[in-house]
Each structure stands twice: as structure tokens, then as C-alpha cells.
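Novice: One structure, pasted below without further comment.
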Amino acid sequence: MIHAPQGAAIESKRRMVKGINAAVAEAYHSLPEFIIFIHEHPLELVAVNGNLLSENRERVEEQGKDYGE
């Protein structure tokens, strides 16, 4: 399961899961299949070191650039 910020474009998610799948397939040759669940969280529901990510101006601005907001 991947926990990720909410709002990424579908193409970004495709690239991410393809890269993760390739890495897992290389490391574990005998897996018959590999399932990835993306669980998205808005920044106001995630805290790092006791601080909400939504209150981190730099993080919000960078995510806005990355996600086209």
C-alpha cells in the first residue's frame, strides 16, 4: 500500500506504480502477481513530527507546482 498526497495526475500515478512494480518484479522473481493500492491523503490529514503538512507553506507550494495547481 502506498500512502501519498492527494491530487497527483493520473500519469504521475502510472509512472509511480510502473516503477515500483518493476523494482519488486526484479527483486522477487517468483511472485505471480503484485498488487499496489494507492491511499491518498489531503495534506491537512497528515502530520510529520507533530506538524500538519498543510501548514508547511514550502510543501504546499511545491506540491502545487508538481500537481499543476
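The values are calculated or read from the model by the stated rules, or taken from the named source; none is laboratory data. Everything quoted here is computed from the prediction, not taken from an experiment. Note that we place each Cβ from the backbone using ideal geometry, even for glycine, and neighbour counts take in every protein chain shown. In case anyone asks, the SASA skips ligands and DNA or RNA and just uses the protein heavy atoms, side chains included. Shrake-Rupley method; radii C 1.70, N 1.55, O 1.52, S 1.80 Å.
Novice: Mind checking whether some residue in region 19-29 is under 22 Å from Tyr67 (Cα atoms) and surrounded by 13 or more Cβ atoms within 10 Å (Cβ to Cβ)?
Specialist: Yes, some residue in region 19-29 is under 22 Å from Tyr67 (Cα atoms) and surrounded by 13 or more Cβ atoms within 10 Å (Cβ to Cβ).
Novice: Which residues, taken from region 24-68, are of a type in the set (Phe, Trp, Tyr), at pLDDT below 90 and more than 16 Å from the chain's Cα centre (by Cα)?
Specialist: Phe34
Novice: Another question, if that's okay. Pairs please, first residue from region 31-57 and open to solvent by 70 Å² or more (accessible area, probe 1.4 Å), second anywhere and outside any strand (DSSP E or B) and not small (Gly, Ala, Ser), Cβ atoms under 6 Å, 6+ apart in sequence or on different chains.
Specialist: So the pair list comes out as Phe34/Asn21; Phe34/Val24; Phe37/Met1; His39/Met1.
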